[in-house]
Amino acid sequence: MTRSFRISNACSAAESGYVTPLNDTAFFVIKGGGTFSLAPGSSRKVVVSFRPPHPGNFTGNVLIVGSSPVEQQFTIGLAGTGVGRP
């Protein structure tokens, strides 16, 4: 299963930073992860995949760190339930 969200730059100056999952075994950033640079008014799509290693409940986070005007951190909470195959 995949889900996506957008990072937008509403400032009048370029914004840079990075996107990464935090210590997780079930959630993976498959698009839009790593470092980024956004021009004013632009955005970046981030796609996260849920691939649990076994049945059960999982929680995780994606960390977004921006640099302007000072380093700012945002955490996106994730949750999913893995089920066994029939």
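Got a number for carbon plus sulfur as a percent of the chain's accessible area, 1.4 Å probe? Walk me through the numbers before you get to the answer.
On the way: 2950 of 5510 Å².
Ligands and nucleic acids excluded, carbon and sulfur reach 54 percent.
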(request) Evaluate the charge dipole of the chain about its Cα centre and quote only its size in Debye, nearest 20, assuming +1 on the Cβ of each Lys and Arg and -1 on the Cβ of each Asp and Glu. (result) 380
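Write down the accessible area per residue of the chain in Å², having rolled a 1.4 Å probe over the full set of protein chains.
On the way: 5510 Å² over 86 residues.
About 64 Å² of surface per residue is accessible.
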(message) Please state the shape class of the chain: rounded when a/c is under 1.5, otherwise prolate if a/b exceeds b/c and oblate if not, all from the C-alpha gyration tensor.
(response) prolate
(message) At 7 Å along Cα-to-Cβ for each site, give me the label-to-label distance between Ser8 and Thr25 in nm.
(response) 3.8
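The values are calculated or read from the model by the stated rules, or taken from the named source; none is laboratory data. As the structure is a computational prediction, the values presented were derived from the model and not from experiment. With ideal geometry, Cβ positions are generated from the backbone for all residues, glycine too; neighbour counts draw on all protein chains shown. These area figures cover heavy atoms from the full protein model, side chains too; ligands, DNA and RNA do not enter into them. Shrake-Rupley method; radii C 1.70, N 1.55, O 1.52, S 1.80 Å.
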